[in-house]
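Structure first, then comments.
All of the numbers you see were taken from the coordinates with simple rules; none came from a lab. Keep in mind the model is a prediction, meaning the values are calculated, not measured. Counting neighbours? That spans all protein chains shown, and the Cβs are built from the backbone with ideal geometry, glycine included.
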Amino acid sequence: MTRKQKRLSLIAGGLGVIGLAVLLVMFALSSQIAYFQSPTDIAEGAAPPNQRIRLGGLVVDGSVTRGEGAEVSFGVTDTANTVEVVYNGILPDLFREGQGVVVEGIFEAGNPVFRADSVLAKHDETYMPKEVADSLKEQGVWQGN
Amino acid sequence: MIIELGHYALVLALAAALLQSVVPIIGVRRSDEGLMAMATVATMATLALVLFSFCILTWSYLTSDFSVANVWENSHSLKPLIYKFSGVWGNHEGSMLLWVLILVLFSALVAGFGRNLPSELKATVLAVQAWIVTAFLLFILMTSNPFLRLAPAPAEGQDLNPILQDPGLAIHPPLLYLGYVGFSISFSFAVAALINGRIDAAWARWVRPWTLAAWTALTAGIAMGSYWAYYELGWGGWWFWDPVENASFMPWLAGTALLHSALVMEKREALKIWTILLAILTFSLSLLGTFLVRSGVLTSVHSFATDPQRGIFILCILAIFVGGALTLFALRAGTLSQGGLFAPISREGALVLNNLFLTTATATVLTGTLYPLVLESVTGSKISVGAPFFNLTFGPLMVPLLCIVPFGPLLAWKRGDLWAVTQRLYLAAGLALVTALGVLWFTTGAPVLAAFGVALGVWLIAGSLTDLALRAGFGRVSPSIFLRRLIGLPRSAFGTALAHFGLGVTVIGVVASTVFSTELVTRLKAGDVIEAAGYELAFGGLQPAVGPNFTELQGRFAVTKDGRAIGDITSAKRLYTARRMPTTEAGIMTRGFSQLYVSLGDEGEDGTVVVRVWWKSWITFIWLGAVIMSIGGCVSLLDRRLRIGAPARRRAPGPAAHPEPAE
């Protein structure tokens, strides 16, 4: 091979791999990400069924009820609206009524109850998830920074 | 008084670092050996001062001096001694001090071991290191001073975050920082080469051991952190593709690429400009990682309360160093001489392919990590990019890379024979195929991808062994000569083989634990028996227990298999009294390479408790493989060529002066 051909094969190979990566990233970003929504966004109809979303807010006081086996349900509120959540599994240590929480999951078609597959835990009890703090600020509940 | 001495030492260290930043550069400009030698003295002085300051902080933790705000916020008199010690870096201020300590330690190592370095290069490298030290000392003194006092001194501290009260804290951050900060050396060498406008194979020979040392520490540090999160968080996961994890993973990926491209540069004088760029990018990613972790701009499962003010300061440091280095690169890269040519099918070609895949993979991880930040600042919508994104983008890029790994070491430099190498790998390929068929045969309903993944791991392992065997002349010489030759192989050959072997082990662990693990969540009361993966776990109920600074409820499980008692698993829910903070202590039993993992959930009113039991197939392979990779790094560091570094004193007249070392 001549010098030019070698260089061309190198460039073609490089562009091939980078092109593949860009395609993968574009595809993944269009299908594999979860949007953060507050209970108010959901009340306004912002959540299509079967799409992964992250829901954040405060756990409603007195709303935690245990069901069959490890199933647990609770309400998540931003003080204006509330969404019912069901979760099957172990709640994180810092999960408490009246505290901030972020859950991830989907709305099944025709069911107003949010089915969560993960409940986000934090390492630190003084920490408020950033998204939750922002959305509570919009409702005028959260005073901190 | 003694606390103020620590603070004062830090200020003096800043002064020494400033001196070290400027004087050696003037020395290089004027070719003044005396001024250049200043760099070594100033480096040692900075190290002594920062070390003194660090010892003072440690002392205030050990003696529980609550008049120091930092100690009051993060310690407690009842805390076990080891956590008083490791608690020094279990908080923002202390961990930044450790960061700087390791940074100056690396500078001092260059100053101490770099006697053979050309004096101009050494002076410039130490000056660039001092720029970084100066920036971070300023950061500590202005925004994160660990020596602030409280008056009057409180009687008792607020205790360390319970999650951090674990032996993992004593090992994980120092190892991780050795890796992160170790890449500063390659960065400084790269910037020095650009400033002085000279770069050759000797330069690569100098940089490679430092990169290798940093890489080895980072590999071990990430693996340690992953295992720590696995057993401490109680969720049974070992990697979450969380921003903080990505922050340490990106420098690792880029550092791995750098390790391989520096090899090409050392042996063949090719890829010079690329290696320089990679050295700059690797440390930039370390700085980015520090920024992401310390500023709290991203929501992470590992983040702690953070302060946005500090984030802006680190962002400025990041911008100045990355921007400055890249500008310098843009201005000077064209003046560096180009290296040798090679055919696409050759060892160099394989290493270029390695670099291509690794850097592209780094870019996808970077995209996934920063995309939420960018999107939020542009459109205001908040998204989370999690495991599904990374599995879809990172995975497909890694598969071809892993497939070509065994070919690399077997290909000849300059021009290789792909067909001949393929023939040598028949045995490895056969083993991989048999494994794939075995997996499909023995596990009913295993996905084809799982069989492929495990086979890929076996392919890597068998490939690395093939490489060693062929180098020692397997099949061509008698067994006794083969053994003697094998022992006589250069240590770097063993290092390469071990690292690739470890990679294979990790791949098997990742695939097997993802596909073959089983999980069970249920509600139990004392006396109930559950079955998981062929083991019976009899729940013995919850018993209270008391630790030094916590109380806990222990759940005991008697484990039997086929009616034979095997042992007990104890899982607990702890409450740390000082912070009133609960944690879950997972109970883990290792069986062969797999683990039974039990964690407790909430108690019900009727005396039942939610229990989650995992059978984690082959999961220890994940960390075992990383440990083998690190051992490979250490073995390679002991290679004669790296220890002696003899050719450095000679001015390299040209490629002919570097005969290819026998491999």
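Of note:
- Taking a ≥ b ≥ c as the square roots of the eigenvalues of the Cα gyration tensor, segment B:372-436 is oblate, since a/c reaches 1.5 or more and a/b is not larger than b/c.
- Whether segment B:487-642 is rounded, prolate or oblate, judged on the alpha carbon gyration tensor where a/c under 1.5 counts as rounded: prolate
- Extension gain for B:Leu437 to B:Ala15 (0.36 nm times residue separation, less C-alpha to C-alpha distance): 145.4 nm.
- Charge-dipole axis of chain B as Lys and Arg at +1 and Asp and Glu at -1 on Cβ define it, positive-most pick from B:Thr444, B:Ser261, B:Ala432: B:Ser261
- Summary of packing: across the peptides B:423-435, B:129-141, the per-residue average of other C-beta atoms within 10 Å ranks them, highest first, as B:129-141, B:423-435.
- Take each residue in A:86-92, count the other chain C-beta atoms within 10 Å of its C-beta, and the mean is 4.
- Karplus-derived HN-Hα couplings along segment A:40-45 (A = 6.51, B = -1.76, C = 1.60, θ = phi - 60°), whole Hz, x at Gly and Pro: 5, 4, 6, 4, 7, x
- This model, with +1 at the C-beta of Lys and Arg and -1 at the C-beta of Asp and Glu, gives the protein assembly as shown a dipole about its Cα centre of some 4400 debye.
- Summed side-chain charge close to A:Ile42 - residues other than A:Ile42 whose Cβ falls under 13 Å, Lys, Arg +1, Asp, Glu -1: -3
- Hydrodynamic radius of segment B:164-262 per Kirkwood, over alpha carbon pairs, in Å: 14.6 Å
- Residue by residue, segment B:89-103 carries 3J(HN,Hα) couplings of 9, x, 8, 4, 4, x, 6, 5, 5, 4, 4, 5, 4, 5, 4 Hz when phi is fed to the Karplus relation 6.51 cos²θ - 1.76 cosθ + 1.60 (θ = phi - 60°); x denotes Gly or Pro.
- In plain terms, the bigger the Kirkwood radius, the slower the diffusion; for segment B:1-126, with that radius from Cα pairs, at 37 °C and 0.692 mPa s, Stokes-Einstein puts D at 209 µm²/s.
- Entry note, the protein assembly as shown: the mean residue ellipticity at 222 nm calculated from DSSP H runs of n ≥ 4, each adding -39500 (n - 2.57), is -19500 deg cm²/dmol after division by the residues and rounding to the nearest 500.
- Residue among B:Ile199, B:Ile461, B:Phe52 farthest towards the positive dipole end of the protein assembly as shown, charges placed on Cβ: B:Ile199
- Across peptide B:417-423, the mean count of Cβ atoms from other chains lying within 10 Å of each residue's own Cβ comes to 0.
- Remark on B:Gly601: its backbone amide H falls under 5 Å from those of B:Val610, B:Val611, B:Arg612, a criterion applied only to residues 5 or more positions apart or on other chains, H modelled at 1.01 Å from N.
- For segment B:403-501, the percent of C-alpha pairs falling in each 10 Å distance bin, counted from 0 to the bin holding the largest distance, reads 15, 39, 31, 12, 2.
- Taken over the Cα atoms of segment B:66-158, the convex hull encloses 91 Å³ per residue.
- Peptide packing for B:149-157, B:109-117 was compared via the average number of neighbouring C-beta atoms within 10 Å per residue; ordered from the highest value, the list is B:109-117, B:149-157.
- Peptide A:19-32 has a mean shielding of 6, counted as Cβ atoms of other protein chains within 10 Å of each residue's Cβ.
- Rounded to the nearest 20 debye, the dipole magnitude of segment B:11-103 is 80 debye, with +1 charges on Lys and Arg beta carbons, -1 on Asp and Glu beta carbons, and the Cα centre as origin.
- Coordinate range along principal axes, alpha carbons of the protein assembly as shown, Å, largest first: 82, 71, 54
- Using the Cβ-Cβ distance between B:Ser381 and A:Ser63 with R0 set to 25 Å, the FRET efficiency from 1/(1 + (r/R0)^6) comes to roughly 0.35.
- Computed over segment B:305-425, Kirkwood Rh from alpha-carbon pairs, angstrom: 18.4 Å
- Cα shape, segment B:110-226, gyration tensor, a/c 1.5 rule: oblate
- Mean shadow area of chain B over all directions, Cα convex hull, nm²: 33.3 nm²
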